[in-house]
Amino acid sequence: MPPQEDGDRGRSSVDLERIRRVLERAVGRACPPHLRESIEDMVQDALVRTMDVLGKQPEGGIRTSSYLWRVAFTTMVDELRRSRRRPERVTGRDAAETAAAVADPASLETSYETRVEIRDCLGRLAEPRKLVVALYLDGFTAEESSRLLGFGIRKVRNLTFRGLKDLRRCLERKGIRP
Amino acid sequence: MNAPSIAGDRLRDAFGALADIADTSAECQDAGRMWDAVTGAIAPEEARQHLAHAATCPSCAAVLRLARAAAIEAGLHVGGERFAVPPSAARYRSPRWLAAAAALVLLAAAALLIVHRSAEDPWSRVAISKAPYVHAAEDDLAWRNAPAGDSLSAIMDPYVRGDLAAAEEALASYLKSHPGHPAASFYHGVCLLMLGRPAQAVIDLESASLAGDLALRQDALWYLALADGKTGRHEEAIRRLRGIAAGDSPHGEEARRLLSRLGVRAPGAGP
């Protein structure tokens with residue numbers, strides 16, 4: 001049986017099924033654990049967004065997997081932000097500290113206030129140091145930061161070293177010993 | 001007073017934990033632009049603006065971490081194909097005459113390169129060899145919807161013989177009843193690519209590059225890079241090739257050779 005065509009776009013149902021599978025893979029692999037229950041909804045939402053783009057742009061626009069991953073990613077972020085706005089969510093401080101205590105009782109040492117102070121100290125660093133230290137703390141490697149920021153690798157390492165030193169000094173002034 | 005202590009890696013954990021309790025504010029960045037920043041789709045100057053916001057916004061920092069994790073899962077090169085400025089360039093000042101001479105040499109080299117490249121598209125000379133038929137057995141087992149006896153191996157004779165037109169036809173028919181079958185998508189994409197239909201090959205190869213086992217995905221990414229190059233998406237192709245060359249793909253050496261032929265520096269290559 002020939003594949004069904006979806007109206008004036010002429011895209012076969014087989015192609016749509018393949019796009020759906022790419023989106024399923026993308027959402028399934030990158031989805032944070034606490035959003036796993038919403039995977040089907042997110043895939044459907046991503047598929048609708050892709051179809052919406054199909055209606056506006058030439059077909060070539062959606063043929064790259066990186067584009068489909070981008071759609072899957074933005075859909076996940078929207079769901080992440082929606083989940084944070086839901087009223088049933090436990091309030092910020094309680095949620096963080098309860099989760100931390102369950103995972104690792106020792107983590108209570110890094111209290112809510114401590115985390116806020118780290119962000120505050122980071123915000124006080126000079127711009128280039130702030131950028132590389134934030135990326136370092138977010139888990140980016142020096143090579144990745146170098147490419148992202150367009151800085152040389154040696155510059156990134158120097159800025160990270162000096163920025164962390166500044167950060168520790170700032171935290172010590174606040175009574176936190178890193 | 002005993003100061004609270006957060007040693008070593010726990011600084012990272014404490015930094016990340018704040019994102020769990022943060023809400024999105026009006027100043028928060030569009031998630032799509034954050035993805036573009038992480039995958040190198042926008043210039044470093046613009047990326048720095050988004051990253052500066054994420055440095056002090058826990059909610060956007062969470063989005064940034066998610067973008068990095070997703071980009072790695074997608075097989076993309078975090079930060080894109082941009083490469084670092086040699087550190088010596090920033091640190092030392094050369095005499096002016098030397099800088100002027102270097103600029104002249106660069107201009108001449110660039111002009112020669114433009115003339116050379118305009119004469120012929122280097123991708124037109126890139127030969128594509130057929131992928132050996134090795135993926136089916138494992139994939140048939142993994143393919144849950146395949147009825148017993150309805151295996152991919154049963155239709156692969158034309159492919160093994162090298163009759164690509166017949167193989168393409170058989171695989172297209174197989175994919176209608178088994179949409180998204182990873183190995184079938186891969187070999188269908190390879191057939192289309194070798195038959196000179198790279199634009200049609202792309203979606204099958206993309207589907208395969210995100211499915212199946214690691215070996216199949218690595219093979220699919222290599223052929224996808226070739227398909228991108230053949231369809232004129234040279235930047236995308238080079239980005240993929242750099243990712244392949246930098247990783248542990250069995251096609252790493254081929255990718256480095258191809259990058260060298262294209263006049264592009266491979267990751268980790270000398271100056």
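Observations
- The residues of segment B:185-202 that are among the aliphatic types (A, V, I, L, M), crowded, with 24+ Cβ neighbours inside 10 Å and facing another protein chain (nearest Cβ under 10 Å) amount to a single one, B:Val202.
- Residues of segment A:134-178 that are hydroxyl-bearing (Ser, Thr, Tyr) and crowded, with 18+ Cβ neighbours inside 10 Å: A:Tyr136, A:Ser145, A:Ser146, A:Thr160.
- When B:Ala246 is tested against (1) within 17 Å of B:Ser129 (Cα to Cα); (2) surrounded by fewer than 17 Cβ atoms within 10 Å (Cβ to Cβ), only condition (1) is not met.
- Boolean, B:Glu236 is in contact with a helix residue (DSSP H, G or I) (Cβ under 7 Å, 6 or more places away or on another chain), away from every other protein chain (no Cβ under 14 Å) and charged (D, E, K, R): no
Here is a yes/no grid of residues against (1) at pLDDT 85 or above; (2) over 21 Å from the mean Cα position of the chain (by Cα); (3) surrounded by fewer than 18 Cβ atoms within 10 Å (Cβ to Cβ); (4) polar (S, T, N, Q):
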{"residue": "B:Glu46", "(1), (2), (3), (4)": "yes, yes, yes, no"}
{"residue": "B:Leu51", "(1), (2), (3), (4)": "yes, yes, no, no"}
{"residue": "B:His77", "(1), (2), (3), (4)": "no, no, no, no"}
{"residue": "B:Val85", "(1), (2), (3), (4)": "no, yes, yes, no"}
{"residue": "B:Ala108", "(1), (2), (3), (4)": "no, yes, yes, no"}
{"residue": "B:Ala119", "(1), (2), (3), (4)": "no, yes, yes, no"}
{"residue": "B:Pro122", "(1), (2), (3), (4)": "no, no, yes, no"}
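- Helices (runs of 4 or more DSSP H) lying entirely in segment A:110-178 (those with 1 or more residues that are within 9 Å of chain B (Cβ to nearest Cβ) and touching a Cys at 6+ places or on another chain (Cβ under 6 Å)): A:153-173
A quick yes/no check of all residues on (1) modelled with pLDDT under 75; (2) aliphatic (A, V, I, L, M); (3) part of a helix (DSSP H, G or I); (4) in contact with a His (Cβ under 6 Å, 6 or more places away or on another chain):
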residue	(1), (2), (3), (4)
B:Leu98	yes, yes, yes, no
B:Ala101	no, yes, yes, no
B:Tyr133	no, no, no, no
B:Asp140	yes, no, yes, no
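- Of the criteria (1) at pLDDT 85 or above; (2) closer than 18 Å to B:Ser59 by Cβ; (3) more than 9 Å from chain B (Cβ to nearest Cβ), which one A:Arg82 fails: (1)
- Residues being under 13 Å from A:Ile19 (Cα atoms) and either modelled with pLDDT of 90 or more or not in a helix (DSSP H, G or I) (or both) - total across segment A:49-70: 2
- The residues of segment B:185-201 that are in contact with a Phe, Trp or Tyr (Cβ under 7 Å, 6 or more places away or on another chain) and among the hydroxyl-bearing types (Ser, Thr, Tyr) amount to a single one, B:Tyr187.
The values are calculated or read from the model by the stated rules, or taken from the named source; none is laboratory data. All of these numbers come straight from a predicted model, not from anything done at the bench. As a convention, Cβ positions derive from the backbone with ideal geometry for all residues, glycine included, and neighbour counts pool all protein chains shown.
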